[in-house]
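Engineer: Have a look at the structure that comes next, please.
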Amino acid sequence: MNRLPLGILGSGKGSNCRAIFERIRSGDLAAEARLVVSDVLDAPILDIAREFGVANAYLQPGRFRTRLEPEIEEQLVQMLRDVGVELVVLAGFMRVLHQPMLKAFPIINIHPSLLPKFPGLESWKQALVAGETVTGCTVHYVDERIDHGQILAQREVRILPNDTAESLHARIQVLEHELYPAVIGEFCQRYNEASQQAGGRPDK
């Protein structure tokens, strides 16, 4: 079986990254994590990569807070190409990507709301403030807009009367850790089928 080569980008704790690694380790996900990259030097996601024996790297973020400078983004493209990445997975990466990356790879993200509702930061808090009764999580393709792009899958979470931001976020994360590997698994299946038909690595 051909395993889909992943590149994972993250800025924080990396709980979705861990969920993906655990599914790979258990044999439930036909993928291979080739590289984890973070724009935060001491991000826990890098520690998770080391724990699972996955190559990891710090990317100097440059002078902008929410995006990468073009030359740094080109550097990121090259880092991922050098290890043969076919799918880029965002796991809490806090920068908006632009054409160097978007042109080079299919990129997916998971967001803790039912997009298009509540894009941006702390969307579970936004849902609570708005008086919603249902929220959830969304896996989507990444484009140049924040938490935008074609929706691939969603899961709903009921908001309970006594929910706090913390309790709601915790339940959303449980579903994230199921949904994200499941969607990646669909990419793995298509990659493996294309590999078999082509007799080698498929085109992106």
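Engineer: What number of residues within the stretch 19-76 are more than 27 Å from Ser195 (Cβ to Cβ) and out of contact with any Asp or Glu (no Cβ under 6 Å at 6 or more places or on another chain)? If you could, list the steps in order and put the result at the bottom.
Structural biologist: Our first condition is that a residue be more than 27 Å from Ser195 (Cβ to Cβ); within the stretch 19-76, this holds for 38-48, 50-51, 58-75.
Then drop every residue that is not out of contact with any Asp or Glu (no Cβ under 6 Å at 6 or more places or on another chain), which leaves 38-48, 50-51, 58, 60, 63-75.
Summing the residues that are more than 27 Å from Ser195 (Cβ to Cβ) and out of contact with any Asp or Glu (no Cβ under 6 Å at 6 or more places or on another chain) in the stretch 19-76 gives 28.
Engineer: Same structure, new question: Looking at (1) surrounded by fewer than 16 Cβ atoms within 10 Å (Cβ to Cβ); (2) over 24 Å from Arg18 (Cα atoms), which one does Ser167 not meet, given that it meets all the others?
Structural biologist: Unmet for Ser167, out of (1) surrounded by fewer than 16 Cβ atoms within 10 Å (Cβ to Cβ); (2) over 24 Å from Arg18 (Cα atoms): (2).
Engineer: Could you list all residues from the stretch 111-129 that are outside any loop (DSSP other than H, G, I, E, B) and within 25 Å of Ala49 (Cβ to Cβ)?
Structural biologist: Restricting attention to the stretch 111-129, the residues satisfying the condition of being outside any loop (DSSP other than H, G, I, E, B) are 111, 123-129.
Selection gives His111 alone.
Residue-by-condition table, conditions (1) assigned to a loop (DSSP other than H, G, I, E, B); (2) aromatic (Phe, Trp, Tyr):
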| site | (1), (2) |
| --- | --- |
| Pro61 | yes, no |
| Phe64 | yes, yes |
| Ile72 | no, no |
| Gln78 | no, no |
| Val89 | no, no |
| Leu102 | no, no |
| Asn109 | no, no |
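Engineer: From the list Gly14, Gly10, Gly84, pick out the single residue that is under 18 Å from the mean Cα position of the chain (by Cα), buried (at least 20 other Cβ atoms within 10 Å of the Cβ) and at positive phi. Before the answer, list the steps.
Structural biologist: Values: Gly10 fails: at positive phi; Gly84 fails: buried (at least 20 other Cβ atoms within 10 Å of the Cβ).
None of the other options fit; the residue is Gly14.
Engineer: Are any residues in the stretch 121-145 under 25 Å from Lys103 (Cβ atoms) and touching a helix residue (DSSP H, G or I) at 6+ places or on another chain (Cβ under 9 Å), and if so, which ones?
Structural biologist: Applying the first criterion (under 25 Å from Lys103 (Cβ atoms)) to the stretch 121-145 yields 138-145.
Within the stretch 121-145, Thr138, Val139, Val142, Asp143, Glu144 qualify.
Engineer: Let me ask another. Which of the residues that make up the stretch 7-48 are farther than 20 Å from Gln189 by Cα, aliphatic (A, V, I, L, M) and out of contact with any Leu (no Cβ under 6 Å at 6 or more places or on another chain)?
Structural biologist: Listed by number, the residues that qualify are Leu35, Val36, Val40, Leu41, Ala43, Ile45, Leu46, Ile48.
Engineer: Name every residue in the stretch 19-29 that is in contact (Cβ under 8 Å) with a residue 40 or more places away in the chain and either open to solvent by 70 Å² or more (accessible area, probe 1.4 Å) or outside any loop (DSSP other than H, G, I, E, B) (or both), in order of residue number.
Structural biologist: First pass over the stretch 19-29, keeping only residues in contact (Cβ under 8 Å) with a residue 40 or more places away in the chain: 19-20, 23, 28-29.
Ala19, Ile20, Arg23, Asp28 - these are the residues of the stretch 19-29 that are in contact (Cβ under 8 Å) with a residue 40 or more places away in the chain and either open to solvent by 70 Å² or more (accessible area, probe 1.4 Å) or outside any loop (DSSP other than H, G, I, E, B) (or both).
Engineer: Shifting gears a bit: Select from the stretch 37-80 the residues that are hydroxyl-bearing (Ser, Thr, Tyr) and either in contact (Cβ under 8 Å) with a residue 60 or more places away in the chain or closer than 23 Å to Asp147 by Cβ (or both) and write down the one among them that is surrounded by the most Cβ atoms within 10 Å (Cβ to Cβ).
Structural biologist: If we filter the stretch 37-80 for residues that are hydroxyl-bearing (Ser, Thr, Tyr), which is where we start, we get 38, 58, 66.
Keeping just the survivors that are either in contact (Cβ under 8 Å) with a residue 60 or more places away in the chain or closer than 23 Å to Asp147 by Cβ (or both) gives 38, 66.
On the way: Ser38: 27, Thr66: 8.
The residue in question is Ser38.
The values are calculated or read from the model by the stated rules, or taken from the named source; none is laboratory data. What you see is a predicted model, and the numbers here were worked out from it, not measured in a lab. Note that we place each Cβ from the backbone using ideal geometry, even for glycine, and neighbour counts take in every protein chain shown. Quick note on the areas: whole protein, heavy atoms, side chains included, nothing else; ligands and nucleic acids left out. Shrake-Rupley method; radii C 1.70, N 1.55, O 1.52, S 1.80 Å.
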